[in-house]
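The values are calculated or read from the model by the stated rules, or taken from the named source; none is laboratory data. Since this is a predicted model, take the numbers as computed values, not measurements. Here the Cβ positions follow ideal geometry from the backbone for every residue, glycine too, while neighbour counts run over all protein chains shown.
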Amino acid sequence: MKHGFLWFLVAFWCLLVPVKAQTLIEWFSAQNATNLAANGISTMDASFRFELGVFTGSFVPTSSNTAQWSANWNAAQRVRYRTDLKRFTGSLTVNSATAPFTAGKAAYVWGFKGDPAAGEWILFRAASWTWPSAAAGPPAFLLWEAKDATAILGTINLSGSPFLMQAAAVANAVPPTTTWIQWQADELAGETLILPHEDADGDGTANILEFISGTSPLSRNPSPIAPATLASLSGEKYLQLTVPRRADRPATLIVEVSENLSVWNSGTGHTATVSSSTTSLTVRDLIPVSPAAPKRFIRLRVSPEP
């Protein structure tokens, strides 16, 4: 009786504990479908990535405001496009609904490749794709398939014929952010020299420079950063450095100057930003090369952001 009574109390207590909702979202495209690149001829390749997420606040993406998408995008999960299966597929467990992923928020799938200068994107959603609630209740199972969606950019064919998905060309707009960790996992999987300062392909360009410039860390290429130049300004000559960088690759770039290679300085009292765009950064020394300062040096320090 004593043991039986204890069992009854435990069972009764368990029934009173609310079950936290947990939702599994399976988001995917049909296997072995024809999915086209923006040119309408080539098929999607392994460079395409797909993300499931939401946009911040009341922002609504349209084909005319693509330049604002990235700043308002919040990704919940990223997957690769599988060329062997001709599809993408993701499985996301949702057990909370905190901002920006609040219950009822419109959910989208954003597929992309390329850089801020020229990319290929597709964005789509179905009216039923809303972020699930985290209220107490039984687990839920959601199936979000590409064929059921409507494209905001690019094309979706419900029938899958003559193709299921086709991306659209996009210029001068930043794609979703790719962090150093994501890039490292994508580009350096199975390698040993994977740290930012290391050089996986031995071409003299550190991995972190390959990251910010968009070059491959496993293919030997000339340095993406050109040597410093002398810029003319008001009759004076100043050391100047131009750094190619992708705005979708978060990193801290610091240009430093020196007169002796021992003491290095940076910041507004030592350097000036000549130009800063989504594809490059140009910085110059504030001290001109002159008889009074015949030796000037300039260098770049880079570190990945979290």
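Kindly provide the set of residues from region 144-161 that are under 24 Å from the mean Cα position of the chain (by Cα) and in a loop (DSSP other than H, G, I, E, B), ordered by number.
Listed by number, the residues that qualify are A149, G154.
When region 115-143 is examined, which residues are found to be in a strand (DSSP E or B), buried (at least 20 other Cβ atoms within 10 Å of the Cβ) and not acidic (D, E)?
G119, W121, I122, L123, F124, R125
Report those strands (runs of 3 or more DSSP E) wholly inside region 194-288 carrying at least 3 residues which are buried (at least 18 other Cβ atoms within 10 Å of the Cβ).
Where strands (runs of 3 or more DSSP E) fall fully within region 194-288 and carry at least 3 residues being buried (at least 18 other Cβ atoms within 10 Å of the Cβ), they are 236-244, 251-258, 280-285.
When you scan region 162-175, do you find a residue that is within 25 Å of the chain's Cα centre (by Cα), closer than 30 Å to I41 by Cα and β-branched (V, I, T), even just one?
Scanning region 162-175 turns up at least one residue that is within 25 Å of the chain's Cα centre (by Cα), closer than 30 Å to I41 by Cα and β-branched (V, I, T).
Here is a list: G154, G235, G190, G214. Which entry is of a type in the set (G, A, S) and assigned by TED's automatic domain parsing to the domain that holds L24? Break it down stepwise before answering.
Working: G235 fails: assigned by TED's automatic domain parsing to the domain that holds L24; G190 fails: assigned by TED's automatic domain parsing to the domain that holds L24; G214 fails: assigned by TED's automatic domain parsing to the domain that holds L24.
Matching residue, one of G154, G235, G190, G214: G154.
If I ask for residues that are loosely packed, with under 14 Cβ neighbours inside 10 Å and part of a helix (DSSP H, G or I), which ones from region 173-193 would you list? Before the answer, list the steps.
Here is the first cut: in region 173-193, the ones loosely packed, with under 14 Cβ neighbours inside 10 Å are 181, 185, 189-190, 192.
Scanning region 173-193 gives I181, A185.
For A11, are the conditions met, namely being touching a Gly at 6+ places or on another chain (Cβ under 6 Å) and modelled with pLDDT under 95?
No.
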